[in-house]
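I have placed the structure first, in the form of structure tokens, so that the comments after it can refer back to it.
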Amino acid sequence: MSEQEKELGMPARAGRPAWQAVLSLAAFAALVGLVVGVAWDATRERIADNEARRVLAELSAVLPPALYDNEPHRDMILVSWPGDEQRQVWRARRDGRPVAAVLTSLAPDGYSGQIRLLVAVTTDGTILGVRVATHSETPGIGDAIEPRKSPWIGNFAGRSLTDPPEARWRLRKDGGDLDAISGATITSRAVVAATRRAVQYFRQHRDEIFAAPASGAANKPRD
Ligand SMILES: Cc1cc2nc3c(=O)[nH]c(=O)nc-3n(C[C@H](O)[C@H](O)[C@H](O)COP(=O)(O)O)c2cc1C
């Protein structure tokens with residue numbers, strides 16, 4: 001008790017050894033740590049689950065669920081494209097046999113930068129569908145690559161490297177067989193080329209793609 005406290009007539013404080021205070025603090029900290037840890041674990045599982053559902057919804061836009069009986073959103077591998085970072089590929093199987101893959105393809109040459117595509121291809125090289133996952137093309141012009149803005153992106157379904165022949169896999173105005181979105185030639189050209197590259201990559205690497213063990217990573221489409 002301090003002199004000042006004595007002068008003021010304050011009652012003496014019940015003395016508590018310092019080690020007891022330290023112990024209580026440590027116990028409290030441990031309890032808080034435990035609660036945070038349990039909450040974090042539960043949240044992480046929920047986030048992973050939501051993410052898996054979101055990926056599946058994204059894949060379902062190009063991959064008809066009737067085709068497969070595995071969980072393609074969990075059957076993902078990372079593949080290396082020449083001179084590029086790793087890209088995700090999801091595999092669809094039926095009775096354990098490969099039926100299709102969804103490849104990520106990047107078009108660096110969009111009008112406003114990179115366009116990221118999902119390209120679903122059956123094992124025989126037929127395109128099931130193409131969807132633009134991310135882009136920054138101009139609203140009202142290049143954004144017609146989105147299916148809710150125009151049906152153009154649907155033109156790839158059913159095509160392959162023999163339809164049109166590979167050499168004609170370009171826009172009509174570039175000497176090919178494919179239509180451009182009117183007023184958005186640059187965007188269309190970028191998407192056509194990125195789709196062609198994805199199918200070419202698949203033709204070249206199909207067997208390795210299906211043989212590789214799943215990455216086990218979060219399987220989230222990257223931006
Ligand atoms: C403000 C502005 C935004 C544009 N945005 C796009 C776009 O998103 N994608 C695209 O291909 N062209 C875009 N263009 C048009 C291109 O500059 C180019 O004219 C066009 O791709 C040529 O297509 P066309 O031959 O079908 O007219 C834009 C032009 C302007 C002025």
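Please identify the pairs in which a residue from region 68-81 that is in contact (Cβ under 8 Å) with a residue 24 or more places away in the chain has its Cβ atom under 7 Å from the Cβ atom of a residue that is assigned to a loop (DSSP other than H, G, I, E, B) and crowded, with 20+ Cβ neighbours inside 10 Å, counting only partners at least 6 apart or on another chain.
PRO72/LEU63; HIS73/ASN219; ARG74/ASN219; MET76/ASN219
Taking into account only those residues within region 96-111 that are more than 13 Å from the chain's Cα centre (by Cα) and within 15 Å of VAL199 (Cα to Cα), which is surrounded by the fewest Cβ atoms within 10 Å (Cβ to Cβ)? Step through it out loud before you land on a result.
At the first step, the residues of region 96-111 found to be more than 13 Å from the chain's Cα centre (by Cα) are 96-101, 107-111.
Those left that are additionally within 15 Å of VAL199 (Cα to Cα): 99-101, 107.
Working: VAL99: 20, ALA100: 25, ALA101: 27, ALA107: 22.
That would be VAL99.
Go through region 187-207 and give me each residue that's surrounded by fewer than 16 Cβ atoms within 10 Å (Cβ to Cβ) and touching a residue at least 24 places away in the same chain (Cβ under 8 Å).
Hits for region 187-207 are GLN200, ARG203.
Determine whether region 43-55 contains at least one residue that is in contact with a strand residue (DSSP E or B) (Cβ under 6 Å, 6 or more places away or on another chain) and among the hydrophobic types (A, V, I, L, M, F, W, C).
Within region 43-55, not a single residue is in contact with a strand residue (DSSP E or B) (Cβ under 6 Å, 6 or more places away or on another chain) and among the hydrophobic types (A, V, I, L, M, F, W, C).
Just wondering, is there one or more residues in region 171-181 that are within 29 Å of ILE77 (Cα to Cα) and at pLDDT 95 or above? Spell out the reasoning first.
Keep residues of region 171-181 that are within 29 Å of ILE77 (Cα to Cα), which gives none.
No, region 171-181 contains no residue that is within 29 Å of ILE77 (Cα to Cα) and at pLDDT 95 or above.
Which of the residues spanning region 144-196 are assigned to a loop (DSSP other than H, G, I, E, B), acidic (Asp, Glu) and within 14 Å of the ligand (Cβ to nearest atom)? Spell out the reasoning first.
Going through region 144-196, the residues assigned to a loop (DSSP other than H, G, I, E, B) turn out to be 146-150, 157-159, 161, 164, 169-170, 175-177, 179-184.
Right, trim to acidic (Asp, Glu) and you get 146, 177, 179.
GLU146, ASP179, listed by residue number.
Which residue is nearest to the chain's Cα centre (by Cα), if the candidates are limited to region 130-154 and must be closer than 18 Å to VAL62 by Cα and aliphatic (A, V, I, L, M)? Before the answer, list the steps.
Initial filter on region 130-154 (closer than 18 Å to VAL62 by Cα): 130-135, 144-154.
In the following step, the residues that additionally are aliphatic (A, V, I, L, M) were identified as 130, 132-133, 144-145, 153.
On the way: VAL130: 15, VAL132: 12, ALA133: 8, ALA144: 22, ILE145: 19, ILE153: 19 Å.
By that ranking, first place goes to ALA133.
Filter region 69-95 for residues that are at pLDDT below 90 and part of a strand (DSSP E or B); which is farthest from the chain's Cα centre (by Cα)?
SER80
The values are calculated or read from the model by the stated rules, or taken from the named source; none is laboratory data. These numbers were taken from a predicted model, which means no experiment stands behind them. Please note: Cβ atoms are built from the backbone with ideal geometry, for glycine as well, and neighbour counts cover all protein chains shown.
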